Amino acid sequence: MKLSLLTDYLESLAPLAYQEDYDNAGLIVGKPDQEVFQALISLDCTEAVVDEAIANNCQVIISHHPIVFRGLKKFNGKTYVERVVEKAIRHNVALYAIHTNLDNVLMGVNARICETLGLINTRILAPKQHLLKKLVTYVPVAQAEQVRNALFHAGAGNIGNYSEASFNAEGSGTFKANEYADPYVGEPGIRHTENEVRIEVIYPANLESKILMALVLAHPYEEVAYDLYNLTNPNQQVGSGMIGELEFPLNEEFYLGVIKEKMKAHVIRHTALTGRHVKKVAVCGGAGGFLLKQAIAAGADIFITADYKYHEFFDAENKILIADIGHYESEQFTQQFLYEIIRKKFATFAVRLTEINTNPVKYYI
Ligand SMILES: [Zn+2]
């Protein structure tokens, strides 16, 4: 199938607009319209993974971490990043990354960690702001339903577990068409009053052009009147980290053992035990230190993440137990997750999980 079919699906689950500023998720090497017959899934895109793709006739590698983060100025094979990109281009292997955009969605990296740890009542720990907008438009009463339907179909009106959410109020709109106009109702040169419905819907900012297109197509007027509002409401469906609960409170030392086993961690670096039981658990796959304040504010007893530095451990202040389980370990189930969703969506498309453990960190025990 066309590569874009695959990437469009992944981006419908984890829109590129949800990635962090520093990130470089998306199609890094390759063309959207190239044909792909098999995909290789991995956490990292290393030279060994590209070799594995070539050996197994995979035309695209879908990795969690992007191989390229910054601008590359030279391609002389001095760094592994240059070599990976060069090899991929030479062998016509596309490279695609689904990174912080997948971290930031409800059914992504952190959901998989919560699932692995058996957490319940989970939600996003730090919902993102400025991702939602509001559209207000004015439609003749008879066409209100068709316009609402078009807006919902284009992705407007979703709030949490509710879809097709809108507010509707009737009123009268006025307009006077000039001689160049071809008004849907009324006569040019005469002010017309029409019974209209003011429709209000919320929508994700990244769908704006699609929603406006749907509005204009469904609306009967030659000139469609609408207002767009920026909202500061956090989007509860999108953001960093997750928090959930254990079914029963557990002794914290015992729970560290549970995490070690379930997350296949070689070692857990943690702060001093607090002496309290663990009930609320905050998680963030990869480097999650920036979320500590939110984890404490949300009442988490433990914060499971990775890439903690020495001085950052002091910030626990006996308010929370910080558990650093390793970056690779915290995200290792992500590749399985990607494998499963692609298999489920494209039943006849070949997809393969890497057999390479790309963790660059080794443990001498
Ligand atoms: Zn990561």
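The values are calculated or read from the model by the stated rules, or taken from the named source; none is laboratory data. Worth saying up front: this structure is predicted, and the values here are computed from it rather than measured. FYI the Cβ positions are ideal-geometry reconstructions off the backbone, even for glycines, and counts take in every protein chain you see. Please note that ligands, DNA and RNA were not included when accessible areas were found on the heavy atoms of the full protein model with its side chains. Shrake-Rupley method; radii C 1.70, N 1.55, O 1.52, S 1.80 Å.
Considering only Gly288, Gly118, Gly244, the mean-square fluctuation computed in a Gaussian network model of the chain, springs between alpha carbons under 10 angstrom, is largest for Gly118.
Subtracting the Cα-Cα distance of Lys260 and Ala165 from 0.36 nm times their residue separation leaves 29.9 nm of extension gain. Amide hydrogen proximity for Ile61: with H placed 1.01 Å from N in the peptide plane, the residues at 5 or more positions away or on another chain lying under 5 Å are Leu40, Ala94, Leu95, Tyr96.
Solvent-accessible surface (1.4 Å probe) assigned to Glu47 amounts to roughly 60 Å². Within the accessible area of the chain, the carbon and sulfur atoms contribute 52%, probe 1.4 Å, all protein chains present.
Between the beta carbons of Asp33 and Phe346, assuming R0 = 22 Å, the FRET efficiency works out to 0.85 to the nearest 0.05. Summing +1 for each Lys or Arg and -1 for each Asp or Glu among the other residues whose beta-carbon sits under 14 angstrom from that of Thr271 gives -3.
The long axis of helix 208-218 is offset from the longest Cα principal axis of the chain by roughly 30 degrees. Return the whole-Å distance between the Cα centroid of the range 119-160 and the Cα centroid of the range 73-87. One Cα centre to the other: 44 Å.
In summary, the lysines within cross-link reach of Lys319, defined as a Cα separation below 27 angstrom excluding same-chain residues under 8 places away, comprise Lys128, Lys260, Lys262, Lys264, Lys279, Lys280, Lys293, Lys309. Positive contributions from Lys and Arg (+1) and negative ones from Asp and Glu (-1), summed over other residues with Cβ under 14 Å from the Cβ of Arg90, come out at -2.
Heavy-atom accessible area with a 1.4 Å probe sorts Thr79, Thr274, largest first, into Thr79, Thr274.
Spherically averaged projected area of the convex hull of Cα atoms, the chain: 23.7 nm².
Of the residues Thr271, Thr174, the one with the largest accessible area comes first in the ranking Thr174, Thr271, computed with a 1.4 Å probe on protein heavy atoms. With 0.36 nm allotted per residue and the present C-alpha distance subtracted, the Asp21-Asn206 stretch has 65.1 nm of extension available. Potential lengthening of the chain between Leu353 and Ser172 amounts to 59.2 nm, from the contour at 0.36 nm per residue minus the alpha-carbon distance. Ignoring everything but the protein chains, give the 1.4 Å probe accessible area of Ser172 in square angstrom, nearest 10. The accessible area comes out at roughly 90 Å². Starting from the 7 Å offset along Cα-to-Cβ, what nm value, one decimal, do you get for the label separation of Met107 and Leu13? A separation of 0.7 nm, rounded to one decimal place. In this structure Val267 has an accessible area near 60 Å², from a 1.4 Å probe over the protein heavy atoms.
Our helix-only sum for the chain, with -39,500 (n - 2.57) per DSSP H run of n ≥ 4 divided by its residues, gives a mean residue ellipticity at 222 nm of -8000 deg cm²/dmol. Taking the DSSP beta bridges with both ends in the chain, the antiparallel portion is around 70 percent. With all protein chains in place and ligands, DNA and RNA left out, the 1.4 Å accessible area ranks Phe175, Phe349, Phe303, Phe290 as Phe290, Phe175, Phe349, Phe303, largest first. Accessible surface for the range 39-100, divided over its residues, is 44 Å² per residue with a 1.4 Å probe. Computed over neighbours whose Cβ is under 15 Å from that of Val141, the net charge equals -2, Lys and Arg +1, Asp and Glu -1. Which distance in nm do the two modelled labels at Phe248 and Ile365 give, with both placed 7 Å along the Cα-to-Cβ direction? According to this spin-label approximation, the distance is 2.7 nm. The aspartates and glutamates within cross-link reach of Lys78, meaning a Cα-to-Cα straight distance under 15 Å and a gap of 8 or more places when in the same chain, are Glu47, Glu86.
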